[in-house]
Amino acid sequence: MNPSFDPAILVTDEHGATLISGSCPDCGAVTFPQRQHCARCGSPTREHPLPTNGVVRSYCRIAIPLAGAEAPVTLVRVELSPQCTVQGVMDGVVDIGDRVALVPRRIDGAESYTGFGFARSTS
Amino acid sequence: MTAHPAAAARRPVYVTGVGMTPFARTHDAPGRELAATAIRAALADAEIAWPEVELVIAGVVGGDLAAAPSIVHELAWTGVPAHAVENASATGSVAFNDAYEAVATGRAASAVAVGCGSLATALGGAGNPATRLDLAALSGANLPPTTFAMLKRQRMHDYGESDDAALAVVAKNLRNASRNPLAQRRTAVPVADLRGSPMFADPLRRAECCPIGDGAAAVMLSARPPRNGGPAVRIAAAVSATDQWHPAAACAPDPGITRRVADTAYRLAGITADDLDLVEVHDAFSVEELQYLEDLGVSPPGQAGTQVFEGHFDIGGRVAVSPSGGLIGRGHPGGATGLAQIVELVTQLRGAAGPRQHTRGRTALAHMIGAGGSCYIQILQCEEPPQ
């Protein structure tokens, strides 16, 4: 797998890809990407891998390409946990309420990287 | 409801003059000249002379260094203190709120809030989204239409709101703008025709996105009621806040910010949403107007889409929303937008809006969102309603 586009945000290994957030040991808030200090209470955060499956809360389709994605691009907003919702490119059709899984996405350019997106969950 | 004690600690502040240039896709004149034109119009409206102005606060987007003195230099060099402020789309609103605070707390007896500069200039360096390799670009979160396309889809799912509800906002605002000689888009378009507009971020069509243009607006604030014989328009609240943590902060604006700022504004003014006659909201994208009307308490949750069809928000309806045409119709330069809202509301409260005059006018609210997480609300009250 190509290197992550940002190892502080996305960790990749032979098992797949994981998004890294920051969890607050004091108030429980999750910030993505991780910040040194909690966005809710200001306490120092701990590195916290996010779940790799979630539920689609909304989606849209845009007519312009993004890095690693040809137009038209479907974007999904995915609740990975009650504390964290993220957004990314969706492979295939989708609807609100669908379960989806985080997947690595190849980004080719002058150099190649690995980004992330979502696909329908098989679990 | 009575006014909040914090309001009593400030002296009354009045809007005594307003002025603005036409909003257009581009202007040949630079922003500082447009700003000076707007200031001259506000001074003439207030019937006061430029040397009487004790403070200038300029909301400028995409400007050069020393933007505020350069505006002053287009007028007589009176030595008036002047500085610039910026807060994305809400830049003009910041200028207004700061000028209000200065007059309310006695720092100045009179102040001009002026806004100029185009977001087109400021957004020009965003880079190619197909080659950017940061989180916002990879997830599409850097593209504002995607945020509001997601909101529209969510409302359609959660409330069963029709696609046409957001189009009805556009049709209403273009209809209002067609009666506003200073608006950027001046052609009314019915919902049936808007359905043919190409998708920009499905389900959001191109026609549902405001135009970014250019223009300037100015508002004269004073501790004394106006001398021009017109009704006195008093500022009952001018408040703001930045966003708070929420679970979707990586990809969406704070969904609670408008509600929180509105609650503070209503408390300061001693009113409720039911008292509002006129509202200008941040309708950069059609569905925003529906959401913000609910957040402001003007409409119950999930019902703004139905109520826009029923004419609640038309000029002459229960509460006139975006009578100027809003960002969608009047336009959204950036620096001047929040002040253009004040220009419209004051014109309405004076009963001077001509063919777009709302039937009632005692209490009005302006609302703007600044990207990156801020919200501004002003409440204006007419002490002498038009006959």
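The values are calculated or read from the model by the stated rules, or taken from the named source; none is laboratory data. If you're wondering where the values come from, they're calculated on a predicted model, not measured in any experiment. So basically every Cβ, Gly included, is an ideal-geometry build from the backbone, and we count neighbours across all protein chains shown. We work out accessible area using only protein heavy atoms, side chains counted, and drop any ligands, DNA or RNA first. Shrake-Rupley method; radii C 1.70, N 1.55, O 1.52, S 1.80 Å.
Excluding ligands, DNA and RNA, the accessible surface per residue across chain A is 48 Å² with a 1.4 Å probe. Interface residues of region A:95-123, defined as a loss of at least 20 Å² in heavy-atom accessible area between the chain alone and the complex of all protein chains with a 1.4 Å probe, are A:Ile96, A:Ile107, A:Tyr113, A:Phe116. Counting only protein heavy atoms and a probe of 1.4 Å, the accessible surface of chain B is 53% carbon and sulfur. Relative contact order of chain A: 22 percent, from C-alpha pairs under 8 Å at least 6 residues apart in sequence. Of the peptides B:108-120, B:232-244, the ranking by mean beta-carbon count within 10 Å, highest at the top, reads B:108-120, B:232-244. When both bridge partners sit in chain B, DSSP labels roughly 70% of those beta bridges antiparallel. Above 20 angstrom, tally the Cα pairs of region B:1-117 and express them as a % of all pairs, no decimals. The calculated P(r) of region B:1-117 puts 41 percent of pairs beyond 20 Å. The Kirkwood hydrodynamic radius of region B:133-240, based on inverse pair distances between different Cα atoms, is 17.4 Å. Charges were assigned to the Cβ only: +1 to each Lys and Arg, -1 to each Asp and Glu. The resulting dipole of chain A about its Cα centre is roughly 360 debye. Per residue, the average separation of C-alpha pairs within less than 8 Å and at least 6 apart gives chain B a relative contact order of 26 percent.
Rolling a 1.4 Å probe over the protein heavy atoms gives chain B an accessible area of 36 Å² per residue.
Converting the Cα gyration tensor eigenvalues of chain A into ellipsoid dimensions via √(5λ) gives semi-axes, longest first, of 25, 18, 13 Å. So, in Å, what gap is there between the alpha-carbon centers of region B:38-109 and region B:179-241? For region B:38-109 versus region B:179-241, the Cα centre distance is 20 Å. Segment A:Arg99..A:Asp6, full-extension length gain: 30.9 nm, with 0.36 nm per residue of separation and the alpha-carbon distance subtracted.
Over all directions, the projected convex hull of the C-alpha atoms in chain B averages 18.0 nm² in area.
Principal axis analysis of the Cα atoms in region B:297-341 yields extents of 32, 22, 15 Å, listed in decreasing size.
Under the criterion of Cα pairs below 8 Å and six or more residues apart, the relative contact order for region B:178-319 equals 15 percent. Computed over neighbours whose Cβ is under 12 Å from that of A:Gly28, the net charge equals +1, Lys and Arg +1, Asp and Glu -1. With viscosity 0.692 mPa s and temperature 37 °C, the Kirkwood radius over alpha carbon pairs of the protein assembly as shown converts through Stokes-Einstein to a diffusion coefficient of 139 µm²/s. Note on region B:313-384 and region A:54-121: Cα centroid distance 38 Å, given to the nearest whole angstrom.
Between A and B, roughly 2700 Å² of accessible area is buried in total, ligands, DNA and RNA not counted and the probe set to 1.4 Å. Apolar share of the accessible surface for chain A: 48 percent from carbon plus sulfur atoms, 1.4 Å probe.
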